[in-house]
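Have a look at the structure below before the remarks.
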Amino acid sequence: MPPNPKRASAPSPPLGKPLKRAFFARSVHEVAPDLIGATLLVNGVGGLIVEVEAYHHTDPAAHSFRGPTPRNGVMFGPPGFSYVYRSYGIHWCVNFVCEPEGSASAVLIRALEPTHSLAAMRRRRGLEDARVLCSGPGKLCEALGITIAHSELPLDKPPFSLHARTGKIDIVTGLRIGITKAVDLPWRYGLKGSKFLSKPFSGD
(Lines give C-alpha, C1' and ligand atoms only; values in the text may rest on other atoms or scores of the structure.)
Protein backbone atom coordinates (compact mmCIF):
# COMPACT_ATOMS: atom_id res chain seq x y z
CA MET A 1 0.00 0.00 0.00
CA PRO A 2 1.48 3.42 -0.94
CA PRO A 3 2.17 5.81 1.94
CA ASN A 4 -0.47 8.39 2.81
CA PRO A 5 0.92 11.71 1.47
CA LYS A 6 -0.92 13.59 4.18
CA ARG A 7 0.75 11.56 6.89
CA ALA A 8 4.21 10.97 5.46
CA SER A 9 6.85 13.32 6.83
CA ALA A 10 10.50 13.93 6.06
CA PRO A 11 13.17 13.63 8.74
CA SER A 12 13.37 16.64 11.03
CA PRO A 13 15.66 19.30 9.50
CA PRO A 14 18.83 20.34 11.32
CA LEU A 15 18.40 23.12 13.86
CA GLY A 16 20.08 26.51 13.67
CA LYS A 17 21.81 28.21 16.55
CA PRO A 18 19.72 28.74 19.71
CA LEU A 19 18.07 32.16 19.99
CA LYS A 20 18.77 33.92 23.27
CA ARG A 21 16.66 36.55 24.99
CA ALA A 22 18.91 39.27 23.57
CA PHE A 23 17.53 38.40 20.12
CA PHE A 24 14.22 39.94 21.21
CA ALA A 25 15.70 43.16 22.61
CA ARG A 26 15.17 44.94 19.29
CA SER A 27 12.36 46.62 17.41
CA VAL A 28 9.38 44.31 17.05
CA HIS A 29 9.51 45.12 13.32
CA GLU A 30 13.01 43.64 13.13
CA VAL A 31 12.29 40.60 15.27
CA ALA A 32 9.05 39.61 13.51
CA PRO A 33 10.51 38.98 10.02
CA ASP A 34 13.65 37.45 11.54
CA LEU A 35 11.44 34.80 13.17
CA ILE A 36 10.21 33.53 9.81
CA GLY A 37 12.05 30.27 9.16
CA ALA A 38 13.15 29.93 12.78
CA THR A 39 12.18 26.76 14.65
CA LEU A 40 9.91 26.84 17.70
CA LEU A 41 9.82 23.75 19.91
CA VAL A 42 7.93 23.16 23.16
CA ASN A 43 9.21 20.06 24.92
CA GLY A 44 10.65 18.98 21.56
CA VAL A 45 7.39 19.40 19.64
CA GLY A 46 7.01 22.04 16.94
CA GLY A 47 8.31 23.30 13.62
CA LEU A 48 9.32 26.17 11.39
CA ILE A 49 7.65 29.50 12.03
CA VAL A 50 6.01 30.49 8.73
CA GLU A 51 3.68 33.32 9.80
CA VAL A 52 3.74 36.00 12.50
CA GLU A 53 2.20 39.37 13.32
CA ALA A 54 3.88 42.35 15.01
CA TYR A 55 2.13 44.41 17.69
CA HIS A 56 3.67 47.66 18.92
CA HIS A 57 2.65 49.49 22.10
CA THR A 58 1.56 52.51 20.03
CA ASP A 59 -0.76 50.24 18.03
CA PRO A 60 -4.47 50.36 19.06
CA ALA A 61 -4.74 46.64 18.25
CA ALA A 62 -2.05 45.73 20.79
CA HIS A 63 -3.16 44.36 24.16
CA SER A 64 -0.72 46.77 25.80
CA PHE A 65 -2.11 49.91 24.16
CA ARG A 66 -4.14 51.01 27.21
CA GLY A 67 -1.50 50.15 29.75
CA PRO A 68 -0.61 47.20 32.00
CA THR A 69 -3.21 44.80 33.39
CA PRO A 70 -2.88 41.51 35.28
CA ARG A 71 -3.24 39.72 31.93
CA ASN A 72 -0.73 41.66 29.84
CA GLY A 73 1.80 42.60 32.52
CA VAL A 74 4.52 40.37 31.06
CA MET A 75 4.49 42.52 27.90
CA PHE A 76 5.88 45.43 29.96
CA GLY A 77 8.73 43.37 31.36
CA PRO A 78 12.06 42.45 29.80
CA PRO A 79 12.14 40.97 26.28
CA GLY A 80 12.48 37.29 25.51
CA PHE A 81 9.49 36.02 27.50
CA SER A 82 6.23 34.42 26.44
CA TYR A 83 2.82 36.06 26.62
CA VAL A 84 -0.07 33.61 26.34
CA TYR A 85 -3.71 34.68 26.26
CA ARG A 86 -7.03 33.09 25.41
CA SER A 87 -8.70 34.33 22.24
CA TYR A 88 -12.50 34.63 22.24
CA GLY A 89 -12.53 32.49 25.37
CA ILE A 90 -11.62 29.41 23.32
CA HIS A 91 -8.08 29.25 21.93
CA TRP A 92 -4.70 29.94 23.50
CA CYS A 93 -2.35 32.21 21.53
CA VAL A 94 1.39 32.62 22.14
CA ASN A 95 3.37 35.83 21.71
CA PHE A 96 7.05 36.68 22.13
CA VAL A 97 7.77 39.89 24.07
CA CYS A 98 10.15 42.24 22.26
CA GLU A 99 11.95 45.57 22.72
CA PRO A 100 13.43 47.01 25.94
CA GLU A 101 11.56 46.69 29.22
CA GLY A 102 8.55 49.01 29.33
CA SER A 103 7.94 49.02 25.57
CA ALA A 104 5.23 46.32 25.77
CA SER A 105 5.55 45.12 22.17
CA ALA A 106 5.23 41.52 21.02
CA VAL A 107 5.09 39.12 18.08
CA LEU A 108 2.09 36.81 17.71
CA ILE A 109 3.06 33.39 16.33
CA ARG A 110 0.37 32.59 13.75
CA ALA A 111 1.49 29.42 11.95
CA LEU A 112 4.14 26.70 11.87
CA GLU A 113 5.28 24.10 9.39
CA PRO A 114 5.34 20.95 11.55
CA THR A 115 8.80 19.33 11.57
CA HIS A 116 9.33 17.75 15.00
CA SER A 117 7.18 15.12 16.78
CA LEU A 118 4.29 15.16 14.31
CA ALA A 119 2.75 12.14 16.04
CA ALA A 120 2.24 14.17 19.21
CA MET A 121 0.71 17.04 17.25
CA ARG A 122 -1.63 14.72 15.35
CA ARG A 123 -2.75 13.14 18.60
CA ARG A 124 -3.46 16.50 20.25
CA ARG A 125 -5.27 17.92 17.23
CA GLY A 126 -7.06 14.72 16.17
CA LEU A 127 -5.98 15.35 12.58
CA GLU A 128 -3.71 13.66 10.04
CA ASP A 129 -2.96 16.35 7.45
CA ALA A 130 0.24 18.15 8.46
CA ARG A 131 -0.85 21.24 6.53
CA VAL A 132 -3.61 22.05 9.03
CA LEU A 133 -1.97 20.98 12.29
CA CYS A 134 -0.52 24.43 13.01
CA SER A 135 -2.19 26.71 10.45
CA GLY A 136 -3.41 29.29 12.95
CA PRO A 137 -2.42 30.69 16.36
CA GLY A 138 -4.94 28.58 18.28
CA LYS A 139 -4.20 25.45 16.28
CA LEU A 140 -0.45 25.64 16.86
CA CYS A 141 -0.91 26.16 20.59
CA GLU A 142 -3.10 23.07 20.77
CA ALA A 143 -0.61 21.08 18.68
CA LEU A 144 2.34 22.14 20.85
CA GLY A 145 0.43 21.82 24.13
CA ILE A 146 0.75 25.54 24.94
CA THR A 147 -1.58 26.85 27.66
CA ILE A 148 -1.66 29.72 30.14
CA ALA A 149 0.86 27.70 32.18
CA HIS A 150 3.43 28.63 29.51
CA SER A 151 2.90 32.38 29.89
CA GLU A 152 5.66 34.56 31.37
CA LEU A 153 8.32 31.90 30.76
CA PRO A 154 11.77 32.67 29.27
CA LEU A 155 11.99 31.71 25.61
CA ASP A 156 15.57 30.44 25.87
CA LYS A 157 14.93 27.83 28.54
CA PRO A 158 12.86 24.63 28.67
CA PRO A 159 10.13 23.91 27.85
CA PHE A 160 10.72 26.47 25.07
CA SER A 161 13.48 26.04 22.50
CA LEU A 162 13.99 28.52 19.65
CA HIS A 163 16.52 28.14 16.86
CA ALA A 164 17.55 30.59 14.15
CA ARG A 165 16.65 29.84 10.57
CA THR A 166 19.23 28.28 8.31
CA GLY A 167 19.68 29.44 4.73
CA LYS A 168 17.99 32.22 2.78
CA ILE A 169 14.22 32.62 2.51
CA ASP A 170 11.73 34.93 0.84
CA ILE A 171 9.44 36.85 3.19
CA VAL A 172 6.10 38.36 2.24
CA THR A 173 4.14 40.99 4.15
CA GLY A 174 0.46 41.80 4.45
CA LEU A 175 -2.35 43.05 6.65
CA ARG A 176 -2.99 41.46 10.02
CA ILE A 177 -5.94 39.13 10.52
CA GLY A 178 -8.95 39.21 12.84
CA ILE A 179 -8.56 42.72 14.23
CA THR A 180 -10.81 45.78 14.04
CA LYS A 181 -8.25 48.50 14.83
CA ALA A 182 -5.19 49.61 12.85
CA VAL A 183 -6.31 47.27 10.09
CA ASP A 184 -4.25 49.06 7.44
CA LEU A 185 -0.83 48.27 8.93
CA PRO A 186 1.16 45.68 6.93
CA TRP A 187 2.57 43.99 10.01
CA ARG A 188 1.92 40.35 9.08
CA TYR A 189 4.97 38.46 7.86
CA GLY A 190 5.12 35.06 6.20
CA LEU A 191 7.23 32.55 4.34
CA LYS A 192 6.62 33.04 0.63
CA GLY A 193 4.87 30.08 -0.98
CA SER A 194 4.32 28.17 2.27
CA LYS A 195 1.43 25.70 2.32
CA PHE A 196 1.17 25.96 6.11
CA LEU A 197 -0.09 29.54 6.49
CA SER A 198 -3.29 30.43 8.32
CA LYS A 199 -4.32 32.51 5.29
CA PRO A 200 -2.54 33.18 2.00
CA PHE A 201 -0.88 36.52 1.38
CA SER A 202 -2.18 38.65 -1.46
CA GLY A 203 -0.31 37.80 -4.64
CA ASP A 204 1.54 34.86 -3.08
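Tabulated values for the structure
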| item | result |
| --- | --- |
| Test set (1) in a loop (DSSP other than H, G, I, E, B); (2) open to solvent by 40 Å² or more (accessible area, probe 1.4 Å) - Leu197 fails condition number | (2) |
| Matching residues in the stretch 114-144 - criterion: being within 14 Å of the chain's Cα centre (by Cα) and in a loop (DSSP other than H, G, I, E, B) | Leu133, Cys134, Ser135, Gly136 |
| Residue selected from the stretch 158-194 under the condition aliphatic (A, V, I, L, M) and farther than 21 Å from Pro114 by Cα, by the criterion surrounded by the fewest Cβ atoms within 10 Å (Cβ to Cβ) | Val183 |
| Residue check for Leu162: more than 18 Å from Tyr85 (Cα to Cα) and assigned to a strand (DSSP E or B) | yes |
| Subset tally (residues that are in contact (Cβ under 8 Å) with a residue 60 or more places away in the chain, more than 17 Å from Gly190 (Cα to Cα) and open to solvent by 50 Å² or more (accessible area, probe 1.4 Å)) for the stretch 89-146 | 3 |
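The values are calculated or read from the model by the stated rules, or taken from the named source; none is laboratory data. Note that the structure is predicted; figures quoted are calculated from it, not measured. In this analysis, Cβ positions are derived from the backbone assuming ideal geometry, glycine residues included, and neighbour counts consider all displayed protein chains. Surface accessibility is based on the protein's heavy atoms, side chains included, excluding ligands, DNA and RNA. Shrake-Rupley method; radii C 1.70, N 1.55, O 1.52, S 1.80 Å.
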